[in-house]
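Structure first, then comments.
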Amino acid sequence: MTRSAFFRFLSAALLCALIVLPGPGFTPARGETAGFVRVSGRSLTLDGEPFQIKGIAMGNGVWSNPASAPVRDHDGESFRELAELGFNSVRFYLNYALFESDPEPYTYREEGFEWLDRNIAWAKEHGIRLILNMHYPQGGYQSQGNGDRLWTDRACQERLIALWSRIAERYRDETAIIGYGLVNEPMPVGKTNARDGLRVWRELAQEIADGIRRFDPNHVLFVEKVLGVKDPKTGATDWSLPSIEQFVTIRDDNTAYEFHTYDPHSFTHQGFDWAGTGGTQAVYPDDSLYASGLSWLSFQAAPRAKTGSTDWQYLESGLLRVTDPKANALALCFQASAVGRSASAYADDLYIDVYDENGQLLQSLPCETSETHGTFSFWSQNGSGQGLISQTQGVDDRRSLRIRGTTGDANMTLVRLPHESGRQYRVRGYVKADKAAASALITLRLDAYHADAIRAGSREMLLQSFRDALLFAETSGCPVYCGEFGAGIHCFQKNRGGEAWVKDSIAFLLESGIGFNYHAYYDGSFGLYYDAGGKRVRNEALFQVLRDCLRESGSSGPV
């Protein structure tokens, strides 16, 4: 045996020894719960009765990669509050660093397990169950695409398998735990190409499951579909896999398959710079077109506005034909490029007129009125400026679109519609310049796109994500679980419809029998509680809609 082979053998032997060594004795937490939740066909059961997960997430500050237990996230009273709201479970986020440090792999910190024990006790006291979710594994947080080492460094994988084995050994008899979420929002790197990432994730999930089952036959495993798959050569992420193909299955008869949804993303994530939607405002529901996999092709513009005038100016294009055979989606675009750092441009009463091939008017589609609320996305080539809604300027009211402070190319893209061959179009509306530079370009455009998929209406787009998961459940014969859904705090402001989005989501999930988990209890962007002005604030609109929906749903099994 060569020297290098000997050390590989020795490392493997030590790993096995570390996995099977008994951990510190676990004292059962206070209180009593019924038996284990288990998979039965396409459902979960508890003591032979149907059990539907109705949960919320506790984030536990995992994104900061903590080395000590969080203190601001929640306490025992939080579990009482959730039980009174009608929740029966919590998706409990874990960061591996609470249990193991990178300099000392396989040496497990009792502090992390004591903190977990304390939360189990709180949960049991109030009839709440936990799903332990590895939200931040060895190798890095997956959701933002920065966790490639989990897939490229075998040592990270072995440490993750060993940590899950230790957790399973310690909590195998704990009925307050529903199960284990193996990896949150995996973004695997393929060995040969991006699509090969599906195989890479399936094999790692199977290894983790096998490690858990050595100690724990009792708890449900939650295997999540991929968020995206990454090319090993270019590092590019492929987002194009159809939803049902993003699921991978493993050999285990007590496993549920997990999906997340935040559709439409432009609505749920509006106003967050970190999500690339800082300049977006949207409402729910709306009937405009939602397209995925968009590729911009071309544009045609109306005459440009005069920058020397401060009056409202009416702009109208001629009849426009879209000749690119790839084009299947269109959008009205309000362009206000290089208006100047202290200047603004406004747009109001915008329309796309649709004509047949003979020039007969078929439809006038309003793109910015008090009814549409101006659903838009803002783009700036150099990051300058803002796109927003003005509450002081308007043609026939005090409301309009506003672009301010741009020093380069910039625009706001509004309502999209599908393009049909032979159709002709006209864009029209009012614009206004305020202190705009003489060289500023202010106009209205018709932009052409190719879209991989087109759905009409934000409600239809939301419900389709649930239907995709149900289709997988039907074809696989396995249960599915919505591990995350949620709307950001801006969705509950200015009558944008966050309450309706939550209500529609929960109604569909309850009707379909899909277990679910709202994101999140305490979070700066999506939380039932968040920090504002240095104070912990409750989102009262979200609190009310969660309470109403869960109380109407009734109980989901004994606790």
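Answer yes if at least one residue in the range 154-167 is part of a loop (DSSP other than H, G, I, E, B) and surrounded by fewer than 22 Cβ atoms within 10 Å (Cβ to Cβ), and no otherwise. Checking the range 154-167: not a single residue is part of a loop (DSSP other than H, G, I, E, B) and surrounded by fewer than 22 Cβ atoms within 10 Å (Cβ to Cβ). If you go through the range 271-291 one residue at a time, do you hit one that is under 24 Å from GLY197 (Cβ atoms), in the same structural domain as ASN411 (by TED's automatic domain parsing) and either surrounded by 17 or more Cβ atoms within 10 Å (Cβ to Cβ) or of a type in the set (S, T, N, Q) (or both)? No, because not a single residue in the range 271-291 is under 24 Å from GLY197 (Cβ atoms), in the same structural domain as ASN411 (by TED's automatic domain parsing) and either surrounded by 17 or more Cβ atoms within 10 Å (Cβ to Cβ) or of a type in the set (S, T, N, Q) (or both). Annotation note: Cβ proximity below 6 Å between a residue of the range 382-408 that is over 12 Å from TYR346 (Cβ atoms) and a residue that is among the β-branched types (Val, Ile, Thr) (sequence gap 6+ or interchain) occurs for SER384/THR406; SER384/THR407; GLY385/THR406; THR406/VAL339. With respect to ASN60, determine if the residue is within 21 Å of LEU160 (Cβ to Cβ), touching a strand residue (DSSP E or B) at 6+ places or on another chain (Cβ under 9 Å) and surrounded by 19 or more Cβ atoms within 10 Å (Cβ to Cβ). The answer is yes for ASN60. Being within 17 Å of LEU444 (Cα to Cα), within 35 Å of the chain's Cα centre (by Cα) and surrounded by fewer than 19 Cβ atoms within 10 Å (Cβ to Cβ) is a property that SER344 lacks.
Among residues of the range 473-505 being part of a strand (DSSP E or B) and in contact with a Lys or Arg (Cβ under 9 Å, 6 or more places away or on another chain), the one that is surrounded by the most Cβ atoms within 10 Å (Cβ to Cβ) is GLY483.
Do we have ALA57 as small (Gly, Ala, Ser) and either at positive phi or in contact with a helix residue (DSSP H, G or I) (Cβ under 9 Å, 6 or more places away or on another chain) (or both) here? Considered against the rule, which asks whether it is small (Gly, Ala, Ser) and either at positive phi or in contact with a helix residue (DSSP H, G or I) (Cβ under 9 Å, 6 or more places away or on another chain) (or both), ALA57 comes out as no.
Exactly one residue out of THR234, THR268, THR261 is of a type in the set (Val, Ile, Thr) and farther than 22 Å from PHE485 by Cα: that is THR234. Annotation for the range 531-543: at least one member residue is touching a strand residue (DSSP E or B) at 6+ places or on another chain (Cβ under 6 Å) and closer than 17 Å to ILE56 by Cα.
Conditions (1) under 35 Å from the mean Cα position of the chain (by Cα); (2) farther than 29 Å from GLY497 by Cα; (3) crowded, with 20+ Cβ neighbours inside 10 Å, marked per residue:
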residue: ALA305; (1), (2), (3): no, yes, yes
residue: ALA336; (1), (2), (3): yes, no, yes
residue: CYS367; (1), (2), (3): yes, no, yes
residue: LEU388; (1), (2), (3): yes, no, no
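Residue-wise test of (1) at pLDDT 95 or above; (2) closer than 16 Å to TYR180 by Cβ.
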{"residue": "ASN119", "(1), (2)": "yes, yes"}
{"residue": "ARG129", "(1), (2)": "yes, yes"}
{"residue": "GLN144", "(1), (2)": "no, no"}
{"residue": "GLU158", "(1), (2)": "yes, no"}
{"residue": "ALA162", "(1), (2)": "yes, yes"}
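For the range 506-517, indicate whether the set of residues that are part of a loop (DSSP other than H, G, I, E, B) and either of a type in the set (Val, Ile, Thr) or under 29 Å from LEU182 (Cβ atoms) (or both) is non-empty.
So in the range 506-517, the residues part of a loop (DSSP other than H, G, I, E, B) come out as 513-514.
Next cut, either of a type in the set (Val, Ile, Thr) or under 29 Å from LEU182 (Cβ atoms) (or both) only: 513-514.
Yes: the range 506-517 contains one or more residues that are part of a loop (DSSP other than H, G, I, E, B) and either of a type in the set (Val, Ile, Thr) or under 29 Å from LEU182 (Cβ atoms) (or both).
Quick check on this structure: which one of ASP102, ASP148 is acidic (Asp, Glu), more than 25 Å from the chain's Cα centre (by Cα) and farther than 23 Å from HIS74 by Cα?
After applying the criteria, what remains is ASP102.
Every residue in the range 390-427 that is over 34 Å from the mean Cα position of the chain (by Cα), of a type in the set (D, E, K, R) and crowded, with 18+ Cβ neighbours inside 10 Å, please. Across the range 390-427, the qualifying residues are ARG423, ARG426.
How about the range 460-475: which of its residues are among the hydroxyl-bearing types (Ser, Thr, Tyr) and farther than 16 Å from GLY515 by Cβ?
Of everything in the range 460-475, just one residue is among the hydroxyl-bearing types (Ser, Thr, Tyr) and farther than 16 Å from GLY515 by Cβ, namely THR475.
Those strands (runs of 3 or more DSSP E) of the range 370-472 in which 2 or more residues are at pLDDT below 95 and closer than 25 Å to PHE299 by Cα occupy 377-380, 386-390, 400-404, 410-418, 441-450, 453-456. In the range 446-464, of all residues being small (Gly, Ala, Ser) and more than 17 Å from the chain's Cα centre (by Cα), the one that is farthest from CYS491 (Cα to Cα) corresponds to ALA448. For the range 36-88, what are the residues that are of a type outside the set (A, V, I, L, M) and part of a strand (DSSP E or B)? Selection gives ARG38, SER40, SER43, THR45, GLU49, PRO50, LYS54, GLY55. The set of residues in the range 107-152 being among the hydroxyl-bearing types (Ser, Thr, Tyr) and closer than 27 Å to GLY197 by Cβ consists of TYR136, TYR141, SER143, THR152.
Per-residue answers, yes or no, for (1) of a type outside the set (Ser, Thr, Tyr); (2) within 30 Å of CYS491 (Cα to Cα):
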site: SER240; (1), (2): no, yes
site: ILE244; (1), (2): yes, yes
site: THR255; (1), (2): no, no
site: HIS260; (1), (2): yes, yes
site: GLY279; (1), (2): yes, yes
site: ALA302; (1), (2): yes, no
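Only residues that are touching a residue at least 40 places away in the same chain (Cβ under 8 Å) and either assigned to a strand (DSSP E or B) or not assigned by TED's automatic domain parsing to the domain that holds GLU158 (or both) were counted in the range 89-130, giving 9.
The values are calculated or read from the model by the stated rules, or taken from the named source; none is laboratory data. Owing to the predicted nature of the structure, the values given are computational and were not obtained by experimental measurement. Reconstructed Cβ throughout: ideal geometry from the backbone, glycine too, with neighbour counts over all protein chains shown.
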